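Peer 1: Before I ask anything, here is the structure I am working with.
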Amino acid sequence: MANPTKNNTGFLASLKDSPSTDEFIKGLWRENPVFVQVLGMCPTLAVSNTAMNALAMGLATTFVLLMSNLLVSSLRNFIPKQVRIASYILIIATFVTMTDYMIQAISVDLHKSLGAFISLIVVNCLILGRAEAFASKNTLGRSFLDGLGMGIGFTFALFCLGAVRELLGNGTLFGWAFFPDTFQEWIVMILPAGGFFTLAIWLLIFNAAKERRATS
Amino acid sequence: MLNKTLNISTSPHIVKGIGTDDIMQNVVWALLPTAIFAVYSFGLSALMVLIATTAACVLTEHYLCKFSGKESTISDWSAVITGLLLGLTLPPNFPVWMAFIGGVIAIALGKFIFGGLGYNVFNPALVGRAVLQAAFPVAITTWYPAFLDNRFSSFSVSTFTAPFMEPTVDAITGATPLSAFKFDHVVTPAYDLALGLITGSTGETCAVLILLGGIYLIARNMMNWRIPVAILVTVYVLSGILHWVDGQAYPPPLFMLFSGGLMLGALFMATDMVASPITPLGVVIYGFIIGLLVVVIRIWGGLPEGVMYAILLANAISPHIDNLIRPRVYGTTKSVKGS
Amino acid sequence: MTEANQIQKTAAGNSLKMLQAMVGIGIFCALMIVLTFQGTLPIIKKKKAEALEKAIFKVLPGIEKTEAYQLGQDDNFTPLAGEGKEGQVAYAGYDQNGKLVGVAVEASGQGYADIIRVLYGYDPEKQAVVGFYVLESKETPGLGDKIEKDPNFQANFEALDVSLADGQSTLKNTVITVKNGAKQNPWEIDGITGATISSRAIGNIMGVSTAYWVPLIYKNQAAFIENNEQ
């Protein structure tokens, strides 16, 4: 009863059939955490105002996701079912705190612009979701691939948003001017409302592409 | 609408041939005096803004219909109204490329995404304006004085700004009566406001002409008169009370009534048939909420004008208003379960 | 056996295991955090000090060296060793000859979005603010953040008059933000069109902070000079 691997045998059996590389690929596109699962909306909308912020946030989340997946997976037979959520949160919070210090050490400016959202990685449902739904039931190798794929998919999605928002809202990409000086910035794009608009349009494109693929 | 099968019904057998297209067409006629006055007072620049928004709305509607494999719905005139209304809420010296983008957004995000005419949650023209206000806050609050001598021979400097480029600020700018009150505490006489001898958005200056258009539609039973009446009475009474309490700090009620976009908003935007409630009482509550929000935003808010946000917010709650006052089904005690 | 009893028994059997798991993970996590903290602390401190120093060099043009001073309870400045109390530290800047150029002070206050933190340099000889730098602000991008970038706004702080009144304990004129283009006196800050609230906030922050710091620094000028010569 305390061993979660013995439950959900149906789910596990279906997973065993799929090749290992699929654990990695699925996060990039088919089960993309932002565009398909619509998880982790808080950082997605809040810190995708520039491409740099989006990339940094994506990489920080990837790191936390990877490490927590590894730890949760290796401890999956040790953690009793009743306290699993508390344990996962503890593990995730640890890696988030570590990331917080590391980003400060890398660049004070970057830490300033990401602000409170680094600490908020703790409550990113993507990470807890992967720990609970995948890492706690799968081997170390698979969990690693899953975390890596999901993390890169998340980073990719954030970058898509950040690039559009920075380009229209500031006329630059990674701080490089893309338009002449007289470019009229779309201020709404840098504001939170712009995040919602951009996300909606990307979701629209993603769903249209998915539908087109399904019909053909 | 048309049903080709034979209908058998009791008398009376007179069928009033009033369809969506008829109403829409009449709204366009009702808006024309205001639009003509806008061109008369602000000149060619205002004409360009109106053309740009109308063209953008019609083209967007046409191509979105085609793209999604439906028949084009531009013949029902609703896109023209959206375009005209949007153009009338913009400053006359607004860059044409921004006005065009506003039109595209109004139709695409305000109407088409929800399923087209009859399904829009918000008034599409106001959605377009709200996005423009958030995206280009400086351009949309740069005003141009009315009745310039060369208004029919030359354009404002900012009208033909290259697409995606920042408009050059006109050497000659004016202040709207509302911003003059908000920032400098100057009250414009109600007489000037009513006749439109002021600076403002292209179509919000002449309150009398807007009223005429509204009365025409109400007389033809094509507009719910309760909405504008509820809004205007609320604004008049609330601002009257405030003015009576402290005449120095709060503007006179007639100034509130005739300034800014209140007339245009109350008569032509809040009355959007799809985005307003349907029950008579619901409509009055809806009008009261808009009036209340207008007064609150204008007097205590950071912005000088609040009609746009007031109507958008009321649009959002209008289905809930209808739900709230839904009459109890006869014989039941509380609200019907499972409905 | 009732169902409740059974659950109780299972729970009791598992509680030791649960305790083990939680304590084990807790200890491991604490260890990781402490290690990272210790590892990154010197780097973070160095980076923060560098950033502050860069800002001080910006607000006091022409300095070569800077030293921190702590404001004591008796309103005296003493050289600061280690970390100072927040809001009680002034940074003196000297040119290559060791002459006092000015004193940089931090100020903060409510902006439009959040607290704005600024650093400004005061030149006791000119009796004016000679430099201004925004340390931290979350003002609206494109509008309010012009307080950081707008060259016309920054120009206000090249020589902002903060002369003392006759009693030398108050300012002759309070620093204030006026409408764009309405600046007439050297103690006024020319506001930014479209960023009225943010530029007024800077005016308030500067007004309050200069009224407190300028008389103190002016009175204790000697403290900064003497200490440097030692």
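The values are calculated or read from the model by the stated rules, or taken from the named source; none is laboratory data. Quantities reported herein were computed from a predicted structural model and do not represent experimental measurements. We place every Cβ from the backbone using ideal geometry, glycine too, and count neighbours over all the protein chains shown. Calculation scope for accessible area: heavy atoms of the full protein, side chains included, ligands and nucleic acids excluded. Shrake-Rupley method; radii C 1.70, N 1.55, O 1.52, S 1.80 Å.
Peer 1: Which of (1) more than 7 Å from chain C (Cβ to nearest Cβ); (2) under 21 Å from the mean Cα position of the chain (by Cα); (3) of a type outside the set (Gly, Ala, Ser) is the odd one out, the single condition A:Asn77 does not satisfy?
Peer 2: Every listed condition holds for A:Asn77 apart from (2).
Peer 1: Further question on the same structure: Looking at the stretch B:184-208 only, could you name the residues that are over 14 Å from the mean Cα position of the chain (by Cα), under 25 Å from B:Leu126 (Cα atoms), touching a residue at least 40 places away in the same chain (Cβ under 8 Å) and in a helix (DSSP H, G or I)?
Peer 2: Passing the criteria: B:Leu193, B:Ala194.
Peer 1: Would you pick out the residues in the stretch C:174-213 that are farther than 20 Å from C:Gly144 by Cβ and in contact with a Leu (Cβ under 6 Å, 6 or more places away or on another chain)?
Peer 2: Scanning the stretch C:174-213 gives a single hit, C:Ala211.
Peer 1: While we're here: For the stretch A:166-180, which positions are over 18 Å from B:Leu132 (Cβ atoms), part of a helix (DSSP H, G or I) and under 24 Å from the mean Cα position of the chain (by Cα)?
Peer 2: A:Glu166, A:Leu167
Peer 1: Which one of these is more than 9 Å from chain C (Cβ to nearest Cβ), in a helix (DSSP H, G or I) and either acidic (Asp, Glu) or under 27 Å from C:Ala21 (Cβ atoms) (or both): A:Ile91, A:Ile121?
Peer 2: Of A:Ile91, A:Ile121, the one residue that is more than 9 Å from chain C (Cβ to nearest Cβ), in a helix (DSSP H, G or I) and either acidic (Asp, Glu) or under 27 Å from C:Ala21 (Cβ atoms) (or both) is A:Ile121.
Peer 1: Of these, C:Glu158, C:Glu148, which one is open to solvent by 70 Å² or more (accessible area, probe 1.4 Å) and assigned to a loop (DSSP other than H, G, I, E, B)?
Peer 2: C:Glu158
Peer 1: Would you say B:Pro327 is open to solvent by less than 10 Å² (accessible area, probe 1.4 Å), in a loop (DSSP other than H, G, I, E, B) and of a type outside the set (A, V, I, L, M)? Don't jump to the end; show me each part of the working.
Peer 2: Values: open to solvent by less than 10 Å² (accessible area, probe 1.4 Å): no; in a loop (DSSP other than H, G, I, E, B): yes; of a type outside the set (A, V, I, L, M): yes.
No; evaluated as a whole, the condition is false for this residue.
Peer 1: Failed condition for C:Ser198, given (1) in a loop (DSSP other than H, G, I, E, B); (2) within 14 Å of chain B (Cβ to nearest Cβ); (3) in contact with an Asp or Glu (Cβ under 8 Å, 6 or more places away or on another chain), with all others met?
Peer 2: Here C:Ser198 meets the rest and fails (1).
Peer 1: B:Ile113 fails exactly one of the following numbered conditions: (1) facing chain A (nearest Cβ under 9 Å); (2) assigned to a loop (DSSP other than H, G, I, E, B). What is the number of that condition?
Peer 2: (2)
Peer 1: Which numbered condition in (1) touching a residue at least 12 places away in the same chain (Cβ under 8 Å); (2) away from chain A (no Cβ under 14 Å); (3) open to solvent by 20 Å² or more (accessible area, probe 1.4 Å) is the only one that C:Leu143 fails?
Peer 2: (2)
Peer 1: Just to be sure, is B:Gly196 modelled with pLDDT under 85, away from every other protein chain (no Cβ under 14 Å), over 17 Å from B:Asp272 (Cα atoms) and surrounded by 22 or more Cβ atoms within 10 Å (Cβ to Cβ)?
Peer 2: Yes; evaluated as a whole, the condition is true for this residue.
Peer 1: Would you mind stating whether A:Gly171 is open to solvent by less than 30 Å² (accessible area, probe 1.4 Å) and out of contact with any helix residue (DSSP H, G or I) (no Cβ under 9 Å at 6 or more places or on another chain)?
Peer 2: yes
Peer 1: Tell me whether the stretch A:148-165 contains one or more residues that are polar (S, T, N, Q) and more than 20 Å from the chain's Cα centre (by Cα).
Peer 2: no
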